[in-house]
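Reviewing the structure listed below.
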There are 2 protein chains.
Amino acid sequence: MDDGKFVPHSKSQVPVVGIIFRGGYWLDGVMSTLIAVDGFDATENISKMIINSPHYRQIRVIMLNGITLGGFNVVDIKALNAQTGLPVVAVTSKKPNLEEVHAALKNLPCSEERWVAVMNAGELFSVTTRDGRRNIYVETAGISKPVAEQVLRLTSTRSRIPEPLRVAHLVASGISLNTTLVCNL
Amino acid sequence: MDDGKFVPHSKSQVPVVGIIFRGGYWLDGVMSTLIAVDGFDATENISKMIINSPHYRQIRVIMLNGITLGGFNVVDIKALNAQTGLPVVAVTSKKPNLEEVHAALKNLPCSEERWVAVMNAGELFSVTTRDGRRNIYVETAGISKPVAEQVLRLTSTRSRIPEPLRVAHLVASGISLNTTLVCNL
């Protein structure tokens, strides 16, 4: 799951693209939804998109490119896990600085509500997905640390980033280039 | 390359998604453009999208999901080959009935111009990409039949359809579901 390009602090929406991957190799499906920039609908909209997908029953784990999508629309991974019944693994390639995030949130309405969602992501830990490469940083809900590590290593077939997230990023970026043009439809 | 969903005979545009694939396994990039439903801009817009892509110099062959995108916006694969300097392979999973195509074109303006583009696709031949599966149907420009057959077999890693085209179809369908919503952006 990854978000597309957007104008920060605008009253607009950003597409979120979900890629269904079989292991670290085969793309089995693509789905998309919209969330509000700096809004509060990421958890609910992503949850609905997954539950309404024809692939829902085959999905074994949800992977997110970080917990903040579309600016500071924070995904509450505990709630996403509860709503979908699926384990959630959020991955970032750089170590997030939680103090900076907390400070940035104070510039937005309902900053405490957002901070609660950030805290719900729980312990941040690092994982080496491929030998000799830099670690990735991980938060989880509904899955044990050793199993999450195993899933991340198995799916990082092309780079240190799990393949579903690498592809979600490429698709979200590739289609977002035309969002203004798509408005002509 | 594949087109997304659209309303037939509407005065609208349909997204065309291009997937950059490394062999039959790795997705390396995603790009997109828009073409007019039943229009005449498919060849030019796809050519521009490819030439302007940062991947252009790495692309070795262009694959198309058929030569008619967005209704009867026909891709002239000879012209696409000439404009991009790259070989073009158009693939369909069912054998196209050229007589039916010719008859259908007569309901559209400039039907002869469209028919010339269809004829420019040259000889239609069938290829067995995976043993024991149904054939696919192929038209080419700027590439010999044996080399095209080799490329098609090498890239059909997951099904009888070459993997770049299978993925382009999934992405184009997955993002098109929200084209009306995306108009809010």
(message) From the list A:Met63, A:Met1, A:Met49, exactly one residue is away from chain B (no Cβ under 14 Å) and touching a residue at least 24 places away in the same chain (Cβ under 8 Å). Which is it?
(response) A:Met63
(request) Evaluate the range B:141-162: report whether one residue or more is in a strand (DSSP E or B) and buried (at least 18 other Cβ atoms within 10 Å of the Cβ). (result) yes
(request) Return yes when B:Glu139 is within 20 Å of B:Asp2 (Cα to Cα) and of a type in the set (Asp, Glu) and no when it is not. (result) yes
(request) Kindly indicate whether any position in the range B:11-25 is basic (Lys, Arg), within 14 Å of chain A (Cβ to nearest Cβ) and either open to solvent by less than 30 Å² (accessible area, probe 1.4 Å) or closer than 26 Å to B:Lys145 by Cα (or both). (result) yes
(request) Collect the residues in the range B:39-71 that are touching a Gly at 6+ places or on another chain (Cβ under 9 Å) and buried (at least 23 other Cβ atoms within 10 Å of the Cβ), keeping them in residue-number order. (result) B:Ala42, B:Ile46, B:Ile62, B:Gly70
(request) State whether the residues of the range A:2-11 include one that is outside any loop (DSSP other than H, G, I, E, B) and modelled with pLDDT under 95. (result) yes
(request) Enumerate the helices (runs of 4 or more DSSP H) found wholly within the range B:29-127, keeping only those where 3 or more residues are closer than 26 Å to A:Leu27 by Cβ and modelled with pLDDT under 90. (result) none
(request) Identify, by number, the condition in (1) without any contact (Cβ under 8 Å) to a residue 60 or more places away in the chain; (2) farther than 21 Å from B:Gly142 by Cα; (3) open to solvent by less than 30 Å² (accessible area, probe 1.4 Å); (4) of a type in the set (A, V, I, L, M, F, W, C) that B:Leu108 doesn't meet. (result) (1)
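The values are calculated or read from the model by the stated rules, or taken from the named source; none is laboratory data. Bear in mind the structure is a predicted one, so any value in this text is a computation, not a measurement. No Cβ is skipped: glycine too gets one built from the backbone with ideal geometry, and neighbour counts run over all protein chains shown. The protein model used for the area step is the full one, side chains on, heavy atoms only, and it has no ligands, DNA or RNA in it. Shrake-Rupley method; radii C 1.70, N 1.55, O 1.52, S 1.80 Å.
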